[in-house]
1. P(r) of the stretch 3-65 in 10 Å steps, Cα pairs, percent per bin?
2. If amide hydrogens are placed 1.01 Å from N in the peptide plane, which non-local residues have theirs closer than 5 Å to the one on Asn33?
3. Could you derive backbone 3J(HN,Hα) for the stretch 8-17 from the dihedral phi with the Karplus parameters 6.51, -1.76 and 1.60 (θ = phi - 60°), listing whole Hz in sequence and x where the residue is Gly or Pro?
4. Output ³J(HN,Hα) for the stretch 52-64: one whole-Hz value per residue in order, computed from phi by the Karplus curve 6.51 cos²θ - 1.76 cosθ + 1.60 with θ = phi - 60°, and x for Gly and Pro.
Amino acid sequence: MKKTDAEFNRFQELLQMVKNFENNFLEFYKKGNKSAGVRLRKNMQTIRAFAKNVRFEVQDLRKNKGLNKKKKKNKNQISIFQ
């Protein structure tokens, strides 16, 4: 699996999660079903945990890949912001 496939799969997981929870949203907000509200709160907690995991993955990738390093400035390059 390519790196871009893995990244896209995480996004697809999130979209699928939201799509699966759609019924509980509709039942609670349109029909006032209290049980759907309880399920909805549980669903939102699942999304929160998923988002937290993605945040940690991003942080680890930045640390391991050196994505947070600044570019070295060329000594011969003149900048007006020195």
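1. 20, 40, 24, 13, 3
2. Amide H neighbours of Asn33: Phe28.
3. 5, 5, 4, 5, 5, 4, 4, 4, 5, 4
4. 5, 4, 5, 4, 5, 4, 4, 4, 5, 4, 5, 5, 6
Each value in this text was obtained by applying a stated rule to the coordinates, not by laboratory testing. Predicted model, so just to flag it, every value in this text is computed and none were measured.
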